[in-house]
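What follows is a short report on a single structure.
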């Protein structure tokens, strides 16, 4: 039996047919695709904040409460791009960091996972963002020069499209039959004037194939706090989830900053 131990961070991915997944630890890594159809055991060992590295209880996004409350990587504009102010030279937590992240090209997109979803991502995160969401198809609709404009467009389009993925439907592969190109044509009318110059006329589709041997009929999320030791047979990976044969699913991203051991 092989044992890996370390602090969880979201799985790294590589575009392919199917997508390749990797769990990266300090001294080694696992190609998670190789675990499909194998029994594995996950054991919760403790916490390690991804920022300060201290053994403090994780609050959100892999950070302890103190770090989450202060570091620029966890500021409100991360989840709400329309709150970005670096283009105005206004600091939130760290202007140098905010300029670096906010003042670069961003893509507003439509993605198909559990329904048609609108979202924003830095161009450098294409196609990683869609892989992490478990989208089977994505279509860029705008390319803006900064995060703020992408956020303004997203806010307007949220009135017409979902902005969150229904994780249960996504994991059960319940994907509606929708033409994203037609949806893209419709949304032109809802775009704020300041974002219209950045509309992408040409359609470039991204089709994503996930390594799933068997989709579950029902899903139940594994909670490491309540079940610190879990064993099961991995039958697939989609989004940032491991899918087990009994319908249990494990969201790796939710448990960033948790120290675990994996045996297989």
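For the stretch 40-87, a residue qualifies if it is free of Cβ contacts under 8 Å to residues at least 12 places away in the same chain and in contact with a helix residue (DSSP H, G or I) (Cβ under 8 Å, 6 or more places away or on another chain), and the qualifying residues are 56, 57, 59, 68. Taking the condition of being under 17 Å from residue 82 (Cβ atoms) and modelled with pLDDT under 95, how many residues in the stretch 163-193 meet it? So the count comes out to 2. Can you spot a residue in the stretch 38-45 that is under 18 Å from the mean Cα position of the chain (by Cα) and crowded, with 18+ Cβ neighbours inside 10 Å? No; the residues of the stretch 38-45 include none that is under 18 Å from the mean Cα position of the chain (by Cα) and crowded, with 18+ Cβ neighbours inside 10 Å.
Residues of the stretch 164-179 include none that is farther than 30 Å from residue 217 by Cβ, part of a helix (DSSP H, G or I) and in contact with a helix residue (DSSP H, G or I) (Cβ under 8 Å, 6 or more places away or on another chain).
The values are calculated or read from the model by the stated rules, or taken from the named source; none is laboratory data. Small disclaimer: the values here were computed from a predicted structure and weren't measured. Cβ: placed from backbone, ideal geometry, glycine included. Neighbour counts: every protein chain shown.
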